[in-house]
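To start, I am sharing the structure in question, which I have written as structure tokens.
Each reported figure results from applying straightforward, stated rules to the coordinates on display, with no laboratory input. All of these numbers come straight from a predicted model, not from anything done at the bench. Glycine also receives a Cβ, built like all others from the backbone with ideal geometry; neighbour counts cover every protein chain displayed.
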Amino acid sequence: MDRFDWQSRLKEVYSVFPEAENRPVIGITGNYGEETCKLGDRYYKSVIAAGGVPVIIPPASDTDVIIATLDRIDGLLLSGGGDYNPLYCGEEPSPRLGGINGERDLPELLVTRLAYNRQIPMLGICRGIQTLAMALGGKVAQDIGDTAVKHSQSADRSEPTHTVNISVDSVLYTLYNKERLAVNSFHHQAVSEPGELFRVTAVADDGTVEAMESREFKAVMGVQWHPECMDEGAPLFGWLVRQAAGFRDAKDLHGRVLTLDTHCDTPMFFSRGVRFEHRDPQILVDLHKMDEGRQDATIMVAYLPQTKPGEAFSSKVDFSVSGPREYADLIFDRIEAIAEANKACLAVARCPSDLYRNKLHGRKSIMLGIENGLALEGNTDNVRHFAQRGVVYVTLCHNGDNDICDSAKGCATHGGVSGFGERVIREMNRHGIMVDLSHASEKSFYDAIGISSVPIVCSHSSARALCDHPRNLTDDQMRALARSGGVVQITLYHGFLRTEGEATVMDFIAHLEHAVSVAGIDHVGIGTDFDGDGGVRGLGCSSELVSFTRMMLARRYSECDMEKIWGGNFLRVMGMVQDYGAR
């Protein structure tokens with residue numbers, strides 16, 4: 001073909017449909033100098049060779065521009081360049097500080113922090129690894145001084161001049177399958193402390209940090225060398241593009257399916273003056289975090305602590321109330337006020353169709369739940385009251401027996417569900433409120449299944465086979481739940497995931513997959529217990545929920561599977577219960 005016959009190339013584009021592959025878009029931070037945004041060609045050529053679509057991100061500090069850009073990319077490449085102004089990390093300049101680039105510093109720190117919160121895969125190169133540290137809680141040495149290894153080579157950039165030692169338990173090792181890698185080197189600064197979010201995965205012989213990666217199972221990595229200049233750099237760009245493709249698929253899935261967390265305790269923080277429309281550090285669920293994690297809905301509960309005989313309920317809560325029912329109503333009033341104050345983007349939902357309608361119109365949803373039937377104050381008439389308020393489930397008890405049933409952490413006061421509890425369950429059936437057996441004893445669990453005319457749920461429990469805790473469900477309980485049509489919502493409370501050591505998102509996935517293997521994919525879901533001590537490394541707040549989806553898709557779960565896990569199963573039961581109550 002004649003190289004100047006550009007119209008023939010155009011005909012090729014229009015000879016097939018779709019016109020192009022749906023490749024992941026990789027944003028590359030641009031360098032700046034001489035009033036020009038510029039970028040070495042090897043960055044974008046490496047992205048293209050790896051199967052990505054490169055776009056250059058100019059060093060603009062306008063946050064509207066940054067956020068709009070991040071919403072349109074699937075991965076982020078933090079490029080190399082000059083030194084950071086040390087004032088950004090509260091330090092005075094070292095005499096050996098090189099040329100700083102004031103045009104880049106603030107934009108890239110903002111881009112990195114906002115991208116991290118949005119779970120966007122990132123690769124930092126040279127200055128880029130330092131950007132990750134600066135933006136995310138680590139520290140950078142302004143000058144590493146004279147060391148046993150020369151870190152600013154005079155050889156061509158394509159020539160490796162020293163080696164790095166790679167941790168065998170790192171992503172980097174899986175990419176290269178070697179413990180020592182020859183790299184190039186063009187720097188006098190380096191990460192001195194990775195911070196809590198990262199771990200060092202490669203060092204030079206002199207101890208200089210050469211690579212780090214996320215401790216939180218996120219697709220975030222930084223390297224001190226310039227892989228774009230080396231033939232051996234391709235695996236890193238391939239990794240970034242693959243992670244970006246997985247993130248894009250997770251985002252797209254969240255756009256198509258409804259994502260519901262069936263249990264959060266955020267109202268426990270209402271007395272602290274939290275702001276739901278802020279990215280409030282006091283809470284794990286707010287509008288910003290829900291948006292970052294592409295979460296559509298949560299069931300926010302009024303948690304009522306169990307009183308002991310002779311103990312006044314008002315002494316156990318932070319608001320002045322006459323009793324449990326008034327306290328629950330106060331919590332629901334606060335939730336409804338939050339929704340009204342943010343009605344353009346948030347609404348209270350009372351049934352599955354409300355959730356889907358809100359999603360269609362771009363609004364997040366809160367559903368109302370009660371954790372501890374103590375709120376009924378011993379009167380079945382209050383079931384109707386809370387049904388009229390829009391409560392979708394009542395957790396029959398909490399950590400202690402009440403007048404409805406025995407708790408998993410109780411004293412077998414009734415030997416299961418009490419006579420009053422049986423009337424409560426039947427009244428809940430009649431008014432379309434789901435019976436939640438999280439926190440109940442095994443005997444209460446089986447009694448409730450036998451009493452209820454409709455399936456029951458466990459809104460936030462995990463698998464006893466993996467963590468022997470009385471709050472968790474045995475395999476037999478899971479099978480009974482499945483036979484009756486109910487669902488178990490695996491929770492993120494660390495003490496229900498591991499008996500010892502630190503629980504992580506991988507433990508959560510293990511419990512979820514165990515429940516799938518025992519009860520079946522149609523009877524499982526997610527109830528995080530965020531703001532009720534739920535949250536583990538790798539899945540610590542609402543912003544990280546889309547990252548969990550990315551991990552599950554990588555484990556070959558289908559979109560149909562994920563739709564069921566993300567609330568479809570729970571909403572099926574909700575619909576059955578509400579339909580029964582409407583008869």
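Sketch the reach of a paramagnetic label on D533 as a point 7 Å from Cα along Cα-to-Cβ, and name the residues of the range 403-434 whose backbone nitrogen lies under 20 Å away.
Within reach of a label on D533: 406-412.
Also, I was wondering about something else. Using only the Cα atoms of the range 415-548, construct the convex hull and provide its projected area averaged over every direction, in square nanometres to one decimal.
8.2 nm²
Averaging sequence separations of C-alpha pairs under 8 Å and six or more residues apart, then dividing by the length of the chain, give the relative contact order as a whole percent.
Contact order relative to length: 11 percent.
For M434, what residues show an amide H to amide H distance below 5 Å, using hydrogens built from the backbone and excluding near sequence neighbours?
Result for M434 returns Y393, V394.
Averaging the inverse of every distinct alpha carbon separation and then flipping it gives the Kirkwood radius. What is it for the range 342-402, in angstrom units?
It works out to 12.9 Å.
Using only the Cα atoms, what convex hull volume per residue in Å³ does the range 480-583 have?
So the per-residue Cα hull volume is 117 Å³.
Tell me the relative contact order for the range 1-145 as a rounded percent, counting alpha carbon contacts under 8 Å between residues six or more apart.
For the range 1-145, the relative contact order is 23 percent.
Counting each DSSP H run of 4 or more residues in the chain as -39500 (n - 2.57), what helix-only mean residue ellipticity at 222 nm follows after dividing by all residues, to the nearest 500 deg cm²/dmol?
Counting only the DSSP helices, I get -10000 deg cm²/dmol.
In whole angstrom, note down how far apart the Cα centers of the range 160-233 and the range 264-281 are.
The distance from the Cα centre of the range 160-233 to that of the range 264-281 comes to 39 Å.
Separate question: Kindly list the residues of the range 194-238 that lie in the label zone of A148, defined by a backbone N under 15 Å from the point 7 Å along the Cα-to-C-beta vector.
203-209
Still on this structure, I have one more. Taking the range 276-356, which chymotrypsin sites (Phe, Trp or Tyr not before Pro) meet the DSSP loop condition and have no more than 14 other C-beta atoms within 10 Å?
F319
Between C405 and residues 5 or more places away or on another chain, which pairs have amide H atoms under 5 Å apart, with H built 1.01 Å from N, and which residues are they?
Placed amide hydrogens put S418 under 5 Å from C405.
Quick one: length gained pulling A20 to C89 fully straight, 0.36 nm per residue minus the C-alpha distance?
20.5 nm
Can I ask one more? Over all directions, the average projected area of the alpha-carbon convex hull for the range 257-581 comes to how many nm²?
Taking the Cα atoms of the range 257-581, their convex hull projects to 14.8 nm² on average.
Now for a different question. Please report Rg (one decimal) and Dmax (integer) in Å for the Cα set of the range 238-291.
Using the Cα atoms of the range 238-291, the pair Rg, Dmax is 15.4, 48 Å.
Considering every Cα-Cα pair within the range 385-442, what fraction, in whole percent, is farther apart than 20 Å?
Taking all Cα-Cα pairs of the range 385-442, the fraction more than 20 Å apart is 22 percent.
Once amide H atoms are placed 1.01 Å from N in the peptide plane, what residues at a sequence separation of 5 or more from V25, or on another chain, have their amide H within under 5 Å of its amide H?
Close amide H contacts, sequence-distant or interchain: V53, D74, G75.
With N residues in the chain, what two-decimal value do you get for its Cα radius of gyration over 2.2 N^0.38 Å?
Relative to the 2.2 N^0.38 Å estimate, the chain comes out at 1.10.
As a test of the definition: which semi-axes, in Å, follow for the range 14-250 when you take the square root of five times each eigenvalue of its alpha carbon gyration tensor? Largest first, please.
27, 21, 17
Can you give me the relative contact order of the range 485-583 as a percent, contacts being Cα pairs under 8 Å and 6 or more apart?
33 percent
Now a separate question. Just subtract the alpha-carbon distance of N399 and R384 from 0.36 nm times their residue separation and send over the number in nm, one decimal.
Result: 2.9 nm gained on full extension.
Strictly greater than 16 Å: what percent of every Cα pair in the range 1-114 meets that?
I get 68 percent for the Cα pairs in the range 1-114 exceeding 16 Å.
List the aspartates and glutamates whose Cα lies under 17 Å from the Cα of K316, skipping any in the same chain that are fewer than 8 positions away.
Of all the aspartates and glutamates, those that pass the test against K316 - Cα under 17 Å, at least 8 places apart if same chain - are D265, E326, D329, E371, E377, D401.
Taking all pairs of different Cα atoms in the range 300-339, averaging 1/r and flipping that mean, what Kirkwood radius in angstroms comes out?
Evaluated on the range 300-339, it is 10.8 Å.
Still on this structure, I have one more. Determine the alpha carbon to alpha carbon distance for each of K11/K45; K139/K251; K364/K564; K38/K150 and list only those over 22 Å.
Long pairs (Cα-Cα over 22 Å): K11/K45; K139/K251; K38/K150.
Loop only per DSSP, at most 14 neighbouring Cβ atoms within 10 Å: give me the trypsin sites (Lys or Arg not before Pro) in the range 119-219, ordered by residue number.
Those that pass, being in a loop and sparsely packed, are K150, K178.
What is the Cα coordinate range of the range 102-175 on the first, second and third principal axes, sorted by size from largest, in whole angstrom?
37, 34, 23
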